[in-house]
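Please read the structure below before turning to the comments.
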Amino acid sequence: MARGLGIEGLLRQLDQASQSGRSLDGLYVISGDEPLLLTEALDGLRALATKAGYLERTSLVMDARSDWSAVLGATQNVSLFGDRRLIELKIPGGKPGKVGGDTLVNLAGLSGGSALPDTVVLISLPRLDRSTRAAKWATALQQANAFIEVPTIERQHLPDWIRQRLQRQGQSLQPESLEWMADKVEGNLLAAHQEIQKLGLLHPEGPISPKDVEQAVLDVARYDVFGLRDAMLSGQANRALRILAGLKAEGEGLPLVLWAVGDEIRLLARLAAAQAAGQDIGGAMRQQRVFGPREQMLRQTLRRLPAALWPVAVQHAHDIDRLIKGLKASGRLDDPWEELARLVLRVAAPRAARAG
(Lines give C-alpha, C1' and ligand atoms only; values in the text may rest on other atoms or scores of the structure.)
Protein backbone atom coordinates (compact mmCIF):
# COMPACT_ATOMS: atom_id res chain seq x y z
CA MET A 1 0.00 0.00 0.00
CA ALA A 2 2.73 2.48 0.92
CA ARG A 3 5.91 1.21 -0.72
CA GLY A 4 7.97 4.00 -2.23
CA LEU A 5 6.32 6.74 -0.17
CA GLY A 6 8.14 8.94 2.29
CA ILE A 7 6.80 9.12 5.82
CA GLU A 8 4.66 12.21 5.13
CA GLY A 9 3.19 10.57 2.02
CA LEU A 10 2.51 7.43 4.02
CA LEU A 11 0.71 9.32 6.79
CA ARG A 12 -1.43 11.23 4.26
CA GLN A 13 -2.35 8.02 2.48
CA LEU A 14 -3.21 6.24 5.72
CA ASP A 15 -5.35 9.16 6.89
CA GLN A 16 -7.28 9.12 3.62
CA ALA A 17 -7.68 5.35 3.89
CA SER A 18 -9.03 5.58 7.44
CA GLN A 19 -11.55 8.23 6.40
CA SER A 20 -12.84 5.94 3.67
CA GLY A 21 -13.19 3.07 6.13
CA ARG A 22 -10.24 1.00 4.91
CA SER A 23 -8.22 -0.89 7.52
CA LEU A 24 -4.51 -0.41 8.14
CA ASP A 25 -1.91 -2.86 6.88
CA GLY A 26 -0.70 -5.52 9.30
CA LEU A 27 2.96 -4.42 9.35
CA TYR A 28 4.80 -1.09 9.22
CA VAL A 29 8.59 -0.85 9.38
CA ILE A 30 10.30 2.49 10.05
CA SER A 31 14.09 2.64 9.62
CA GLY A 32 16.37 5.63 10.23
CA ASP A 33 19.09 7.24 12.32
CA GLU A 34 17.63 10.73 12.83
CA PRO A 35 15.89 10.67 16.26
CA LEU A 36 13.59 13.64 15.63
CA LEU A 37 12.25 12.35 12.31
CA LEU A 38 11.99 8.78 13.60
CA THR A 39 9.99 9.97 16.61
CA GLU A 40 7.70 12.08 14.42
CA ALA A 41 7.08 9.12 12.11
CA LEU A 42 6.23 6.80 14.99
CA ASP A 43 4.00 9.41 16.64
CA GLY A 44 2.14 9.92 13.37
CA LEU A 45 1.52 6.21 12.91
CA ARG A 46 0.39 5.80 16.52
CA ALA A 47 -2.08 8.66 16.16
CA LEU A 48 -3.56 7.18 12.99
CA ALA A 49 -3.79 3.73 14.58
CA THR A 50 -5.64 5.20 17.56
CA LYS A 51 -7.97 7.08 15.23
CA ALA A 52 -8.65 3.81 13.38
CA GLY A 53 -9.61 2.08 16.64
CA TYR A 54 -6.39 0.30 17.58
CA LEU A 55 -6.74 1.17 21.24
CA GLU A 56 -4.79 -1.62 22.93
CA ARG A 57 -1.06 -0.97 22.75
CA THR A 58 1.89 -3.23 23.61
CA SER A 59 5.46 -1.91 23.42
CA LEU A 60 8.56 -4.13 23.41
CA VAL A 61 12.26 -3.18 23.19
CA MET A 62 14.32 -6.09 21.89
CA ASP A 63 17.90 -7.12 21.12
CA ALA A 64 19.78 -10.36 20.45
CA ARG A 65 19.57 -11.41 24.13
CA SER A 66 15.85 -10.76 24.58
CA ASP A 67 13.14 -13.37 25.01
CA TRP A 68 11.65 -13.23 21.52
CA SER A 69 8.83 -15.59 22.44
CA ALA A 70 7.23 -12.52 24.04
CA VAL A 71 6.78 -10.98 20.59
CA LEU A 72 4.70 -13.77 19.13
CA GLY A 73 3.00 -14.12 22.51
CA ALA A 74 1.85 -10.50 22.29
CA THR A 75 0.25 -11.18 18.91
CA GLN A 76 -1.71 -14.14 20.31
CA ASN A 77 -3.04 -12.51 23.48
CA VAL A 78 -6.77 -11.98 23.32
CA SER A 79 -8.00 -8.51 24.27
CA LEU A 80 -10.39 -8.50 27.21
CA PHE A 81 -12.50 -5.84 25.54
CA GLY A 82 -12.18 -6.99 21.94
CA ASP A 83 -10.16 -3.92 20.96
CA ARG A 84 -7.92 -3.73 17.94
CA ARG A 85 -4.31 -3.79 19.05
CA LEU A 86 -1.08 -2.03 18.11
CA ILE A 87 2.16 -3.89 18.86
CA GLU A 88 5.28 -1.73 18.81
CA LEU A 89 8.58 -3.51 18.44
CA LYS A 90 11.72 -1.41 18.87
CA ILE A 91 15.14 -2.84 17.94
CA PRO A 92 17.47 0.10 18.74
CA GLY A 93 20.68 -1.81 18.01
CA GLY A 94 19.43 -3.19 14.70
CA LYS A 95 20.78 -6.68 15.58
CA PRO A 96 18.01 -9.12 16.57
CA GLY A 97 20.28 -12.19 16.64
CA LYS A 98 19.42 -15.63 15.27
CA VAL A 99 16.24 -16.25 17.30
CA GLY A 100 15.10 -12.67 16.81
CA GLY A 101 15.73 -12.85 13.08
CA ASP A 102 13.69 -16.03 12.76
CA THR A 103 10.90 -14.41 14.78
CA LEU A 104 10.86 -11.36 12.50
CA VAL A 105 10.62 -13.57 9.41
CA ASN A 106 7.72 -15.41 11.01
CA LEU A 107 6.08 -12.16 12.07
CA ALA A 108 6.38 -10.70 8.56
CA GLY A 109 4.68 -13.78 7.16
CA LEU A 110 1.86 -13.66 9.70
CA SER A 111 1.28 -9.93 9.20
CA GLY A 112 1.19 -10.32 5.44
CA GLY A 113 -1.69 -12.78 5.60
CA SER A 114 -4.83 -13.02 7.67
CA ALA A 115 -3.28 -14.77 10.68
CA LEU A 116 -3.28 -11.58 12.80
CA PRO A 117 -6.71 -9.98 12.46
CA ASP A 118 -7.30 -6.61 14.11
CA THR A 119 -3.55 -6.29 14.80
CA VAL A 120 -1.01 -3.78 13.50
CA VAL A 121 2.69 -4.38 14.13
CA LEU A 122 4.97 -1.32 14.08
CA ILE A 123 8.69 -2.08 13.96
CA SER A 124 11.35 0.64 14.35
CA LEU A 125 15.00 0.11 13.42
CA PRO A 126 18.13 2.15 12.87
CA ARG A 127 19.23 2.56 9.26
CA LEU A 128 20.34 -0.83 7.94
CA ASP A 129 23.86 -1.12 6.52
CA ARG A 130 24.61 -3.07 3.37
CA SER A 131 25.46 -6.36 5.04
CA THR A 132 22.43 -6.24 7.36
CA ARG A 133 20.09 -5.56 4.45
CA ALA A 134 21.06 -8.91 2.97
CA ALA A 135 20.02 -10.84 6.09
CA LYS A 136 16.93 -13.02 5.73
CA TRP A 137 14.98 -11.15 8.41
CA ALA A 138 15.80 -7.74 6.89
CA THR A 139 14.75 -8.94 3.43
CA ALA A 140 11.45 -10.17 4.86
CA LEU A 141 10.78 -6.79 6.49
CA GLN A 142 11.77 -4.86 3.37
CA GLN A 143 9.17 -6.79 1.41
CA ALA A 144 6.45 -5.42 3.67
CA ASN A 145 3.93 -3.10 2.01
CA ALA A 146 5.06 -0.22 4.22
CA PHE A 147 8.84 -0.20 4.69
CA ILE A 148 9.80 3.44 5.21
CA GLU A 149 13.35 4.75 5.42
CA VAL A 150 13.46 8.03 7.33
CA PRO A 151 16.04 10.27 5.60
CA THR A 152 19.08 11.86 7.21
CA ILE A 153 19.10 15.60 6.56
CA GLU A 154 22.55 16.46 5.21
CA ARG A 155 24.04 19.93 5.63
CA GLN A 156 23.34 21.00 2.04
CA HIS A 157 19.62 20.20 2.49
CA LEU A 158 19.27 21.71 5.96
CA PRO A 159 18.34 25.29 4.86
CA ASP A 160 15.49 23.95 2.72
CA TRP A 161 14.34 21.69 5.57
CA ILE A 162 14.27 24.71 7.91
CA ARG A 163 12.40 26.74 5.27
CA GLN A 164 9.71 24.05 4.94
CA ARG A 165 9.28 23.77 8.71
CA LEU A 166 8.94 27.55 9.06
CA GLN A 167 6.44 27.58 6.21
CA ARG A 168 4.21 25.21 8.17
CA GLN A 169 3.90 27.85 10.90
CA GLY A 170 3.39 30.67 8.41
CA GLN A 171 6.89 32.16 8.69
CA SER A 172 9.77 32.74 6.31
CA LEU A 173 13.44 33.76 6.32
CA GLN A 174 15.73 35.27 3.76
CA PRO A 175 18.10 32.75 2.08
CA GLU A 176 21.08 34.24 3.93
CA SER A 177 19.30 33.77 7.26
CA LEU A 178 18.45 30.17 6.39
CA GLU A 179 22.13 29.46 5.74
CA TRP A 180 23.14 31.25 8.93
CA MET A 181 20.62 29.30 10.97
CA ALA A 182 21.76 26.02 9.37
CA ASP A 183 25.32 26.78 10.46
CA LYS A 184 24.17 27.39 14.02
CA VAL A 185 22.25 24.12 14.36
CA GLU A 186 24.48 21.97 12.18
CA GLY A 187 24.40 18.29 13.11
CA ASN A 188 21.58 18.70 15.64
CA LEU A 189 18.17 18.38 13.99
CA LEU A 190 16.35 18.29 17.31
CA ALA A 191 17.92 21.64 18.23
CA ALA A 192 16.90 23.00 14.81
CA HIS A 193 13.33 21.88 15.48
CA GLN A 194 13.36 23.60 18.88
CA GLU A 195 14.70 26.84 17.42
CA ILE A 196 12.03 26.81 14.72
CA GLN A 197 9.35 26.36 17.39
CA LYS A 198 10.92 29.19 19.36
CA LEU A 199 10.62 31.51 16.34
CA GLY A 200 6.96 30.52 16.12
CA LEU A 201 6.41 31.59 19.71
CA LEU A 202 8.42 34.81 19.56
CA HIS A 203 7.28 36.20 16.21
CA PRO A 204 3.99 36.46 14.30
CA GLU A 205 3.37 34.89 10.93
CA GLY A 206 5.20 36.39 7.98
CA PRO A 207 8.85 37.23 7.20
CA ILE A 208 11.35 37.36 10.07
CA SER A 209 14.26 39.80 9.80
CA PRO A 210 17.87 38.60 10.02
CA LYS A 211 18.37 40.62 13.21
CA ASP A 212 15.40 38.96 14.90
CA VAL A 213 16.65 35.52 13.89
CA GLU A 214 20.14 36.16 15.28
CA GLN A 215 18.70 37.36 18.57
CA ALA A 216 16.49 34.29 18.93
CA VAL A 217 18.63 31.41 17.72
CA LEU A 218 21.25 29.88 19.97
CA ASP A 219 24.54 28.46 18.78
CA VAL A 220 23.58 24.82 19.26
CA ALA A 221 25.74 23.17 16.62
CA ARG A 222 26.74 19.66 17.61
CA TYR A 223 30.18 19.36 16.13
CA ASP A 224 31.46 15.86 15.54
CA VAL A 225 34.59 14.29 14.12
CA PHE A 226 32.72 12.69 11.22
CA GLY A 227 31.34 16.04 10.12
CA LEU A 228 34.91 17.34 10.17
CA ARG A 229 36.05 14.40 8.06
CA ASP A 230 33.30 14.89 5.48
CA ALA A 231 33.86 18.65 5.21
CA MET A 232 37.60 18.08 4.73
CA LEU A 233 37.13 15.47 2.02
CA SER A 234 34.54 17.49 0.12
CA GLY A 235 36.80 20.55 0.00
CA GLN A 236 34.71 22.72 2.34
CA ALA A 237 37.65 24.41 4.01
CA ASN A 238 35.77 27.09 5.98
CA ARG A 239 33.25 24.58 7.30
CA ALA A 240 36.00 22.14 8.24
CA LEU A 241 37.90 24.79 10.19
CA ARG A 242 34.69 25.92 11.91
CA ILE A 243 33.92 22.35 13.01
CA LEU A 244 37.51 21.89 14.18
CA ALA A 245 37.30 25.07 16.25
CA GLY A 246 33.98 23.87 17.68
CA LEU A 247 35.47 20.50 18.67
CA LYS A 248 38.35 22.26 20.41
CA ALA A 249 35.98 24.64 22.23
CA GLU A 250 33.79 21.75 23.37
CA GLY A 251 36.80 19.98 24.86
CA GLU A 252 36.87 17.07 22.42
CA GLY A 253 39.95 14.90 22.86
CA LEU A 254 42.62 15.76 20.30
CA PRO A 255 43.68 12.08 19.83
CA LEU A 256 40.11 11.22 18.77
CA VAL A 257 39.97 14.10 16.30
CA LEU A 258 43.35 13.16 14.85
CA TRP A 259 42.22 9.54 14.58
CA ALA A 260 39.17 10.52 12.50
CA VAL A 261 41.23 12.72 10.18
CA GLY A 262 44.35 10.55 10.04
CA ASP A 263 42.51 7.27 9.51
CA GLU A 264 40.74 8.69 6.47
CA ILE A 265 43.98 10.12 5.08
CA ARG A 266 45.74 6.76 5.44
CA LEU A 267 42.83 5.06 3.67
CA LEU A 268 43.01 7.54 0.81
CA ALA A 269 46.77 7.06 0.59
CA ARG A 270 46.24 3.31 0.12
CA LEU A 271 43.55 3.87 -2.48
CA ALA A 272 45.65 6.42 -4.37
CA ALA A 273 48.60 4.00 -4.41
CA ALA A 274 46.38 1.20 -5.73
CA GLN A 275 45.02 3.50 -8.42
CA ALA A 276 48.53 4.62 -9.42
CA ALA A 277 49.55 0.95 -9.70
CA GLY A 278 46.77 0.37 -12.22
CA GLN A 279 44.47 -1.57 -9.90
CA ASP A 280 40.70 -1.37 -10.27
CA ILE A 281 39.62 1.36 -7.85
CA GLY A 282 36.24 -0.29 -7.32
CA GLY A 283 37.91 -3.50 -6.23
CA ALA A 284 40.28 -1.57 -3.98
CA MET A 285 37.28 0.19 -2.40
CA ARG A 286 35.56 -3.12 -1.68
CA GLN A 287 38.77 -4.55 -0.24
CA GLN A 288 38.89 -1.61 2.15
CA ARG A 289 35.17 -2.12 2.96
CA VAL A 290 34.11 1.21 1.47
CA PHE A 291 30.55 1.28 0.08
CA GLY A 292 27.64 3.57 -0.74
CA PRO A 293 27.76 7.37 -0.31
CA ARG A 294 31.18 7.18 1.35
CA GLU A 295 32.59 5.48 -1.75
CA GLN A 296 31.33 8.33 -3.92
CA MET A 297 32.87 10.91 -1.60
CA LEU A 298 36.27 9.19 -1.63
CA ARG A 299 36.21 8.85 -5.41
CA GLN A 300 35.55 12.58 -5.72
CA THR A 301 38.36 13.36 -3.30
CA LEU A 302 40.81 11.19 -5.25
CA ARG A 303 39.86 12.98 -8.46
CA ARG A 304 40.21 16.40 -6.81
CA LEU A 305 43.67 15.92 -5.30
CA PRO A 306 46.99 14.70 -6.75
CA ALA A 307 48.28 11.28 -5.68
CA ALA A 308 51.53 12.86 -4.45
CA LEU A 309 49.64 14.69 -1.69
CA TRP A 310 48.72 11.59 0.30
CA PRO A 311 52.14 10.34 1.49
CA VAL A 312 52.94 13.89 2.63
CA ALA A 313 49.59 14.12 4.45
CA VAL A 314 50.20 10.76 6.15
CA GLN A 315 53.58 11.99 7.43
CA HIS A 316 51.93 15.21 8.61
CA ALA A 317 49.45 13.14 10.67
CA HIS A 318 52.34 11.16 12.19
CA ASP A 319 54.04 14.42 13.15
CA ILE A 320 50.89 15.67 14.88
CA ASP A 321 50.75 12.42 16.84
CA ARG A 322 54.30 13.12 18.07
CA LEU A 323 53.27 16.63 19.12
CA ILE A 324 50.31 15.26 21.09
CA LYS A 325 52.73 12.97 22.94
CA GLY A 326 54.92 15.95 23.86
CA LEU A 327 57.65 15.24 21.30
CA LYS A 328 59.13 17.63 18.78
CA ALA A 329 58.42 17.34 15.06
CA SER A 330 60.80 19.00 12.65
CA GLY A 331 59.25 21.86 10.70
CA ARG A 332 56.01 21.80 12.69
CA LEU A 333 54.42 24.29 15.09
CA ASP A 334 54.41 23.41 18.79
CA ASP A 335 50.59 23.55 19.02
CA PRO A 336 49.09 20.24 17.73
CA TRP A 337 45.68 21.87 17.21
CA GLU A 338 47.26 24.42 14.88
CA GLU A 339 49.06 21.68 12.99
CA LEU A 340 45.85 19.70 12.71
CA ALA A 341 44.20 22.77 11.16
CA ARG A 342 47.06 22.91 8.64
CA LEU A 343 46.56 19.22 7.86
CA VAL A 344 42.84 19.69 7.35
CA LEU A 345 43.56 22.58 5.00
CA ARG A 346 46.12 20.47 3.15
CA VAL A 347 43.26 18.19 2.09
CA ALA A 348 40.33 20.61 2.01
CA ALA A 349 42.14 23.52 0.29
CA PRO A 350 45.60 22.34 -0.86
CA ARG A 351 46.52 25.65 -2.49
CA ALA A 352 46.03 27.46 0.81
CA ALA A 353 48.26 24.96 2.62
CA ARG A 354 51.24 24.66 0.30
CA ALA A 355 53.53 26.14 2.89
CA GLY A 356 52.61 23.31 5.34
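The values are calculated or read from the model by the stated rules, or taken from the named source; none is laboratory data. Computed from a predicted structure; not experimentally measured. When we count neighbours, we look across all protein chains shown, and the Cβ atoms used for this are built from the backbone with ideal geometry, even at glycine. Side chains are part of the model used for accessible areas, which takes the heavy atoms of the whole protein and leaves out ligands, DNA and RNA. Shrake-Rupley method; radii C 1.70, N 1.55, O 1.52, S 1.80 Å.
Summary of values
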quantity: 10 Å Cβ shell holding at most 16 others, DSSP loop, chymotrypsin sites (Phe, Trp or Tyr not before Pro): longest site-free stretch of the chain; calculated: 82-290
quantity: At R0 = 35 Å, FRET efficiency that the Cβ-Cβ distance of ARG57 and GLU154 yields, to 0.05; calculated: 0.55
quantity: Centroid-to-centroid separation of region 19-78 and region 176-208 [C-alpha atoms, Å]; calculated: 31 Å
quantity: Square roots of five times the Cα gyration tensor eigenvalues for region 155-216, Å; calculated: 16, 12, 11
quantity: Which label in (i) 0.93; (ii) 1.00; (iii) 1.05 gives the computed Rg/Rh (Cα atoms, Kirkwood Rh); calculated: (iii)
quantity: Dipole-positive endmost among VAL213, GLY187, GLY170 within region 155-216 (Cβ charges, Cα centre); calculated: GLY170
quantity: Efficiency of FRET from Cβ geometry, ASP263 and SER330, R₀ 25 Å, rounded to 0.05; calculated: 0.60
quantity: Charge dipole (debye, nearest 20) of region 155-216; +1 at Cβ of Lys and Arg, -1 at Cβ of Asp and Glu; calculated: 180 debye
quantity: Phi-based couplings in Hz for region 124-129 (Karplus 6.51, -1.76, 1.60; Gly and Pro marked x); calculated: 10, 9, x, 4, 8, 7
quantity: Cross-link reach list, lysines versus LYS95, counting only Cα pairs under 20 Å and skipping chain neighbours closer than eight places; calculated: LYS136
quantity: Using distinct alpha-carbon pairs, which all enter the 1/r mean, Kirkwood radius of region 95-188 in Å; calculated: 16.5 Å
quantity: Linear extension gain, ALA64 paired with GLN76, 0.36 nm per residue minus alpha-carbon span; calculated: 2.1 nm
quantity: 18 Å Cα-Cα threshold exceeded, pairs from LYS211/LYS248; LYS198/LYS248; LYS184/LYS248; calculated: LYS211/LYS248; LYS198/LYS248
quantity: Angle in degrees between helix 175-184 and the longest Cα principal axis of the chain, rounded to the nearest 10; calculated: 90 degrees
quantity: Region 155-216 - percent of accessible surface contributed by carbon and sulfur, probe 1.4 Å; calculated: 50 percent
quantity: Principal semi-axes in Å for region 225-348 [√(5λ), Cα gyration tensor, largest first]; calculated: 25, 16, 12
quantity: 3J(HN,Hα) from dihedral phi, region 315-329, Karplus parametrisation 6.51/-1.76/1.60, rounded to Hz, x for glycine, proline; calculated: 5, 4, 5, 4, 5, 5, 4, 5, 4, 4, 7, x, 9, 7, 9
